[in-house]
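Quick notes on the structure that follows.
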Amino acid sequence: MNNMDSKENRIHSSGIKPFSYYNCVIPDHFNCVPMHWHSEFEINYIREGSAEFICGEEKFTSAKGDIIITLPNVLHSIYPCPNARQAYDTLVFSHEIFGGSDSDRFISECIRPLINGSMRLQIHITPKHHYYPELEMTAENIFSCAKGDSPRLDMLMRSEIIKLFWLLETEAETDPGFCESGSIIRPALEYIAEHFNEKITVRQLAASVHMSESYFMNRFRKHVGLSAIEYISHFRIDKACKALIGTKKSVLEIAFECGFSNISNFNRQFRKITGCSPTEYRSRSDNLHNTSRFNYFHIE
């Protein structure tokens, strides 16, 4: 998996509870979900609004009622749409929730291919899906159990998750190359995570993945949905947002620590991405007790 810097470092599961539930609102609770990956499965159920999703090589705008599945080790992100918010439920869970052992044919033939990337699923499910009502009811049951948070509801939730994937796998197709989706630019993301507070050039990023600059720029935008320069700005601003909330450092100090050599450029980029100034963001966060859902990237 190369360097671990782009891997999300929050632990979502444990031996006694192999899942975590989150109620999320973008941009009220956090500005965005930057590009990251984790070894767990993830289900998002959109309650209202819309946002821009990138899951592997797929990029789409969500809408109310959408169900979005993210498989393990797939790069994904969520960014707000201009002048819009999105409220949604998220469940992140370990493959252990399916039970069984590696020798169980259900695990080896139906679950393991989802983990190693050799099976393709429809990951963006909209109300136009031909059996959406059943998928929606299953998703509602899953999140109702997660919110209830009891051992008996855990048992029901497991059965509903298995049912959801059974429904999806009835129309899945095998694609041995699918596991490589997004991996081609992962070293560049890891380079950014390690060197975000330094000057970074497209030439350096292209060299990290052994590509020409023009080919790299095309591949990066295809997989991430942003140019490399735009992504670096988003990454640095995300770091700045965490510092504004979690420390008492001055705006100037945070700007320099996050890779900006010019305070005017920092303020301009911050407002462009978050819609407010750094000072306004810190004040709003203090008032609303706003903290990000994840530490998206490994931080030494």
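The values are calculated or read from the model by the stated rules, or taken from the named source; none is laboratory data. Quick caveat: nothing in here was measured; it's all calculated off a predicted structure. Backbone-built Cβ (ideal geometry, glycine too); neighbour counts: all protein chains shown.
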So in region 190-202, with the set limited to residues that are charged (D, E, K, R) and in a helix (DSSP H, G or I), which one is surrounded by the fewest Cβ atoms within 10 Å (Cβ to Cβ)? E194
Filter region 201-252 down to residues that are over 22 Å from S277 (Cα atoms) and small (G, A, S), then give me how many there are. 8
I want to confirm something. Restricting to region 203-217 and keeping residues that are under 17 Å from R186 (Cβ atoms) and more than 24 Å from the chain's Cα centre (by Cα), which single residue is surrounded by the fewest Cβ atoms within 10 Å (Cβ to Cβ)? H210
With over 29 Å from H234 (Cβ atoms) and within 19 Å of the chain's Cα centre (by Cα) as the only criterion, which of N116, N141, N73 stands out? N116
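Matching residues to (1) closer than 21 Å to R47 by Cβ; (2) within 24 Å of the chain's Cα centre (by Cα):
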| residue | (1), (2) |
| --- | --- |
| I97 | no, yes |
| S101 | no, no |
| R105 | no, no |
| E109 | no, no |
| H124 | yes, yes |
Being at pLDDT below 90, surrounded by 13 or more Cβ atoms within 10 Å (Cβ to Cβ) and of a type in the set (A, V, I, L, M) narrows it down to one of I162, I125, I115, so name that one. I115
Checklist (1) modelled with pLDDT of 85 or more; (2) surrounded by fewer than 20 Cβ atoms within 10 Å (Cβ to Cβ) applied to S183, failing item: (1)
Going through (1) in contact with a helix residue (DSSP H, G or I) (Cβ under 7 Å, 6 or more places away or on another chain); (2) in a strand (DSSP E or B); (3) under 22 Å from S233 (Cα atoms) one by one, H36 fails only at (1)
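Conditions tested, residue by residue: (1) more than 29 Å from E58 (Cβ to Cβ); (2) in contact (Cβ under 8 Å) with a residue 40 or more places away in the chain; (3) assigned by TED's automatic domain parsing to the domain that holds Y281; (4) out of contact with any His (no Cβ under 9 Å at 6 or more places or on another chain).
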site	(1), (2), (3), (4)
A207	no, no, yes, yes
H210	no, no, yes, yes
E213	no, no, yes, yes
I232	no, yes, yes, yes
R236	no, yes, yes, yes
N265	yes, no, yes, yes
Which of the residues belonging to region 131-161 are closer than 17 Å to Y21 by Cα and among the hydrophobic types (A, V, I, L, M, F, W, C)? A139, I142, F143, C145, A146, L153, M155, L156, M157, I161
Some residue of region 229-246 being in a helix (DSSP H, G or I) and more than 20 Å from P27 (Cα to Cα): yes
Going through region 42-69 in order, the residues found to be under 23 Å from K163 (Cβ atoms) and at pLDDT below 95 are C55
What number of residues within region 231-279 satisfy the criterion of being surrounded by 14 or more Cβ atoms within 10 Å (Cβ to Cβ) and of a type in the set (D, E)? 2
List the strands (runs of 3 or more DSSP E) inside region 60-137, counting only whole elements, that have at least 1 residues being of a type outside the set (K, R) and closer than 23 Å to I185 by Cα. 67-70, 76-80
